[in-house]
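Structure first, commentary second.
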């Protein structure tokens, strides 16, 4: 699976949009981009994933560049409860193949009051 | 709809002992993956079970073993515990062995080895 690069930490003001970048320049055509977050001492929480097109759900939006070499996770109105480590993971999606998630160091997002 | 559950939540053991951790997958899921997360690091993949068989394994020694039951629940066993085995152990469930299926995590079991 392709390697990802994320900033170590970011701050965001409460109520503003949080934009978390991820670089995955070696991504292959059959790899999805997944985002998880982990609030201190809890299990990782699935946020969103996508292949080519931009995706939106009740938690966030995922913007993937046309060349698929980078993506941005957007939390539209950050709250203090969004303070967490955010992981960007690329993962093959081949039927019949058991694929684990390979976590990097992630981005520590701190939402400031 | 119950999510992924794990037991116990916390555990303290001494070096050389053996430990068993348990996981019940999310309703409708049949695949269970186990991860180890040391303090300050991202989770590391241990192994994955599907149809009661180990399907894939990460870079962990044979001291780490597992089992999946017919009801899809799973156990992680660690023998001859070392201080370095102290970590948060996470279970994730998904549907089918397909790589494209989203994994959902439980709250984890915090293991401390003294």
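Put simply, of A:105, A:61 the only residue that is modelled with pLDDT under 95 and surrounded by fewer than 21 Cβ atoms within 10 Å (Cβ to Cβ) is A:105. How about the stretch A:30-52: which of its residues are part of a loop (DSSP other than H, G, I, E, B), touching a residue at least 24 places away in the same chain (Cβ under 8 Å) and under 19 Å from residue A:70 (Cβ atoms)? Selection gives A:30, A:51.
Return a yes/no flag: does the stretch B:55-62 have any residue that is out of contact with any strand residue (DSSP E or B) (no Cβ under 7 Å at 6 or more places or on another chain) and within 12 Å of chain A (Cβ to nearest Cβ). Yes, the stretch B:55-62 contains at least one residue that is out of contact with any strand residue (DSSP E or B) (no Cβ under 7 Å at 6 or more places or on another chain) and within 12 Å of chain A (Cβ to nearest Cβ). Scanning the stretch B:64-83 for residues that are in a loop (DSSP other than H, G, I, E, B) and in contact with a strand residue (DSSP E or B) (Cβ under 9 Å, 6 or more places away or on another chain) returns B:69, B:71, B:72, B:73, B:79, B:81, B:82.
Is it fair to say residue A:14 is more than 27 Å from residue B:87 (Cα to Cα) and surrounded by fewer than 12 Cβ atoms within 10 Å (Cβ to Cβ)?
no
Yes or no: the stretch B:91-102 includes at least one residue that is part of a loop (DSSP other than H, G, I, E, B), within 12 Å of the chain's Cα centre (by Cα) and more than 9 Å from chain A (Cβ to nearest Cβ). No, the stretch B:91-102 contains no residue that is part of a loop (DSSP other than H, G, I, E, B), within 12 Å of the chain's Cα centre (by Cα) and more than 9 Å from chain A (Cβ to nearest Cβ).
The values are calculated or read from the model by the stated rules, or taken from the named source; none is laboratory data. Since we're looking at a predicted model, the values are computed, not measured. Here Cβ is always computed from backbone atoms with ideal geometry, including for glycine, and neighbour counts include all displayed protein chains.
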